[in-house]
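This report refers to the structure that appears directly beneath it.
The values are calculated or read from the model by the stated rules, or taken from the named source; none is laboratory data. Since the model is a prediction, treat every value here as computed from it, not as a measurement. Counting neighbours? That spans all protein chains shown, and the Cβs are built from the backbone with ideal geometry, glycine included. Keep in mind that these areas ignore ligands, DNA and RNA; they rest on the heavy atoms of the full protein, side chains included. Shrake-Rupley method; radii C 1.70, N 1.55, O 1.52, S 1.80 Å.
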Amino acid sequence: MNRILRSIYFFLPVQLVLLHFRKYQLLLAFWFIFLAIITGNFASHFGASSLFLAPEYLGNISFISMFLLGCSMCVFTMMWHITTFIVHSKRIPYMGATRHAFLVYSVNNSAIPLAFLVFYSVVSIHFQWHDEHSSLRNIILLQVGFFFGFLFIALISFAYFFRVSRDFFKNILVTIAKPVKIKKIIPYDSLDYEVNIIPAHSYISGGFKIKKSTDADAYHPRVMNTVLSRHHRNVIFATLVLYVLLLLLGIFMEQPLLRVPAGAGFLLLFSIIMGVVGAFKYFLRSWETIGWVIFIVLLGLMVNYKLFDLRSIAYGMNYHTDPTDEPVYNYEHLRALFTPARFEADKRTEEDRLKNWKIKTGDPNPPLIVVTVSGGGSRSAYWTFRTLQYLDSVTKGKVFQNTVLVTGASGGMIGAAYWRSIHDAYQRGLLKNPYERQYQTNVGKDLLNAIIFSFASVDLVSPFNKISIAGYSYTRDRGYAMEQELISNTEGLLNKHIGYFGKRESDGYIPQMIVCGTIINDGRQLMITDQPVTYLTQPEYSLGEAEPPIDAVDFAQFFAKQDPYNLRLTSALRMNATFPYVLPVVRLPSQPRMNIMDAGLRDNFGGELASRYLYVLRDWMMNNTRKVIFLEIRDTRENDVTEVSDQSSSLTKMLFDPIFVIQNKWEAFQSYSHGFLKDFVPSYMNGKLQFVTLQYVPLESKKVAALNFHLTQKEKEDLYESVNNRGNQAAIDTLEQLLR
């Protein structure tokens, strides 16, 4: 038994696994990241696992999408082999005695990739069966596609890089980026000399036979130098090829056929990063830390001197006005702009709009609806649209007709904006039936794939791509990719500038929509709409004060010289839904730059703005309506917004929960605060106000749809059926009675 254990321990594949854990764990970290992603333990809120377990290509999970993912998985695996071979080859000098050193090394170094592939296959089969409700035949087809793609690239890689002795492009490259030349400019350090030969007694040969290791001393200096000189250039060449590939994919990202699955794009990006990490380790060795510090400093200088900007822009606005025409973002300017006189004037304008709406209803004393929707990515968008369509259908169009205001946050506003656009197009005679099931399907289409693909192929690879929209030049990034995908998913109905709806709103045909964002410079709320809303920028009680607390900004009036009504509706919705890191922070052309993120940071349920709207216009509503309905649509349960956790259950929780408590419980904090608003709002409506709340209640309490920009088939079905929940049906009955 001792002899068997020793032979296993000194078997080269086992020794290589131990070596990876013992040396250069940073390279091993890539596998752990992928493992954490597919198991849902990393970036689960962003829906990252679905990008790898059910990749989409041309909007479908198919044989081709899995084939492309398999190809990129093999590219990553080959880069892992190339990089670790260069870093560790000095520790296995007996590889130089083999005919195809790299092929033999790759076979012996495949324990980790093979284990990952088996685990991935099991997890993806479970995901496709349980979450995507795929048939057994389709699952088998998808798995075949993945492994066929993997084998396809593996054969090409070994044939091209390591079986072909001469190649024009590699010969050109080796003269430009010869590792020997590069290493001459790296200072010599005695710490770099490290022998540490792996004591392997046997290995797997190229013919997949177990052979004894040859005496290392016989091949140490001369043969290994020859082998290394032949293979060191491969990591540079492979990295360069991958970079050019991602660059080209990013340039032509609007061509559907060239938009590979986001998971594949990320694997290619990680392959590049691994190649760079390997190059740093090989060339710099003990100087590696200094090298990374210099790299980060240079990157920071490029950002400081505006060689590229990691923030995004709002498409349609004019960012090229004279600097003197850019509004100054400070309290003094806001106080001078949003005056009491303008407050009253905008209030009268809104009352005139409400008069027009009242006339259009044909009712001398109509019920009035204010709709608020919650944030929550595609989950909230799908649920909001489903709810509004259902309510409008069962009330025979009264919900849309009697709604005067829609506001809220994030995904909920995407669903609400699509709902309004469909009914606006129907009124204009541009479509026949506003209740077609296809519209519900459209709002559930994936957005995450386009965002992540752009992040991997544009944002991190080439942040210099330019596009032209409405006569202005802009940088293209994942924000742009998200907007284009949203426009495509909604069949162009959201491809409008915000001014497109202005006349229809003011005439009372369609409800006003206020799309908000959070100004992260100071926490104020940015209100984007085509109607003047100065009356919502400050509390009414403060109008007579010398220094009123201005807590919101009217976008169109503040950016009056930057063509504000030309802003794309999708850009407004993106600002409203800019979840940290998933979408880039949006900068607006003020001095200093105004930076915008998700509206949910300030008001995730829209209750704050809607309550102020009702308060300011309370007198008109008291005299002109028989009932005011506060219709809440939320993707979380009001009485159960967060799980109770045991703060003392583990050392990790005790250490990190106090740090992340605000982030993890932010939605709960806002929900509880929203409850206080609901207490006080009815007091100034003299009994006319009625709250009606519809909330997403999953069929299985522990199986809630994920908060991201991707929905599985199971999640869509769960969201769609939630309107039939007993509590929701009771709320619908109440709404129908109020509208009679």
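For Tyr329, tell me the accessible area in Å² from a 1.4 Å probe, rounded to the nearest 10.
20
Going highest first, how would you order 565-576, 535-546, 584-595, 286-297 by mean Cβ packing within 10 Å? Before the final figure, lay out each step's value.
Values: 565-576: 24.8, 535-546: 15.9, 584-595: 19.2, 286-297: 12.7.
Averaged packing, sorted descending, gives the order 565-576, 584-595, 535-546, 286-297.
Counting only protein chains, not ligands or nucleic acids, how are Asp424, Asp322, Asp551 ordered by accessible area (probe 1.4 Å), most first?
Working: Asp424 5, Asp322 80, Asp551 40 Å².
Per-residue accessible area, sorted high to low, gives Asp322, Asp551, Asp424.
Please compare each pair in Lys396/Lys716; Lys432/Lys496; Lys432/Lys627; Lys360/Lys396; Lys398/Lys627 to a cut-off of 22 Å on the Cα-Cα distance and tell me which ones are over it. Don't skip to the answer; put the middle values down first.
Working: Lys396/Lys716 25 Å; Lys432/Lys496 20 Å; Lys432/Lys627 31 Å; Lys360/Lys396 16 Å; Lys398/Lys627 14 Å.
Cα-Cα > 22 Å for Lys396/Lys716; Lys432/Lys627; rest within.
Using the Karplus curve 6.51 cos²θ - 1.76 cosθ + 1.60 with θ = phi - 60°, work out ³J(HN,Hα) for each residue of the range 594-600 in order, rounded to whole Hz, and write x for Gly and Pro.
8, 10, 10, 9, 3, 4, x
Could you do me a favour and compute the accessible area per residue for the range 485-541, 1.4 Å probe, result in Å²?
Values: 1660 Å² over 57 residues.
That works out to 29 Å² for each residue.
May I ask you to evaluate 6.51 cos²θ - 1.76 cosθ + 1.60, the Karplus curve with θ = phi - 60°, for each residue of the range 365-382 and list the ³J(HN,Hα) values in order in whole Hz, giving x for glycine and proline?
Whole-Hz 3J(HN,Hα) from phi for the range 365-382: 8, x, x, 10, 10, 10, 9, 10, 10, 8, x, x, x, 5, 4, 5, 4, 5.
Could you check how much of the accessible area of the range 260-398 is carbon and sulfur, as a whole percent, using a 1.4 Å probe? Before the final figure, lay out each step's value.
Numbers: 3730 of 5840 Å².
The nonpolar share, carbon plus sulfur, comes to 64 percent.
Would you please put 240-248, 485-493 in order of how densely packed they are, using the mean number of other Cβ atoms within 10 angstrom per residue and starting with the highest?
Highest to lowest by the protection proxy: 485-493, 240-248.
What ranking do 403-416, 123-136 get when scored by the average of other Cβ atoms within 10 Å per residue, highest first?
Working: 403-416: 29.4, 123-136: 16.2.
So the order, starting with the most tightly packed, is 403-416, 123-136.
Which far-off residues, 5 or more places away or on another chain, put their amide H under 5 Å from the one on Met317, with H placed in the peptide plane?
Close amide H contacts, sequence-distant or interchain: Arg568.
So, in Å, what gap is there between the alpha-carbon centers of the range 385-401 and the range 698-740?
Taking the Cα centre of each part, the range 385-401 and the range 698-740 sit 15 Å apart.
For a quick check of your reading of the filter: which GluC sites (Glu not before Pro) in the range 672-740 sit in a DSSP loop and have no more than 12 other Cβ atoms within 10 Å? Write down the numbers at each step before the final one.
Numbers: sites: Glu700, Glu715, Glu717, Glu721, Glu736; in loops: Glu700.
The qualifying sites are Glu700.
Using amide H atoms built 1.01 Å from N in the peptide plane, name the residues 5+ places from Ser202, or on other chains, whose amide H lies under 5 Å from its own.
Leu12, Ser213
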